[in-house]
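Everything on this sheet refers to the single structure shown next.
Every read-out reported here was derived from the displayed coordinates using simple, explicitly stated rules and does not represent laboratory data. Since this is a predicted model, take the numbers as computed values, not measurements. So basically every Cβ, Gly included, is an ideal-geometry build from the backbone, and we count neighbours across all protein chains shown.
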Amino acid sequence: MPAGRPPGRVHLRPGEVFMVVGFLASRTGRWLRIVTGAGMVLGGLASGTSRGAAVALAGLGPLVAGTLDLVLIAPLFGLPMRGEDLRRELGVEEEAPLLNGFQYPATRATSTTLH
């Protein structure tokens, strides 16, 4: 172990920090935060205890942040919080929307003609 480092501490180099923040801003990272937050909310509420309610409340953070495309830890490293601005600053190419390929139902009825 290098001298001067307390044991058990994790040190990330600047490039590694940008990799972690970039992942959180990515489509996969957003889905991971949404699913994790939803699991915490559902699990906390299902427990029916005050500790479970605290877990559910804490789960709202990643759930809402992932849904609104916010990376709440990015400002700690001098980066923008909004996902779109963050991806632009990190040089990550624009990704597809969160629900890629989702088609809204037709707004007008289509007639089926049989010949």
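Starting with the fewest neighbours, write out SER47, SER26 ranked by other beta-carbon atoms found within 10 Å of each beta-carbon.
Numbers: SER47 13, SER26 17.
Final ranking by Cβ density, sparse to dense: SER47, SER26.
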When ARG82, ARG13, ARG33 are ranked with the fewest other C-beta atoms within 10 Å first, the list becomes ARG13, ARG82, ARG33
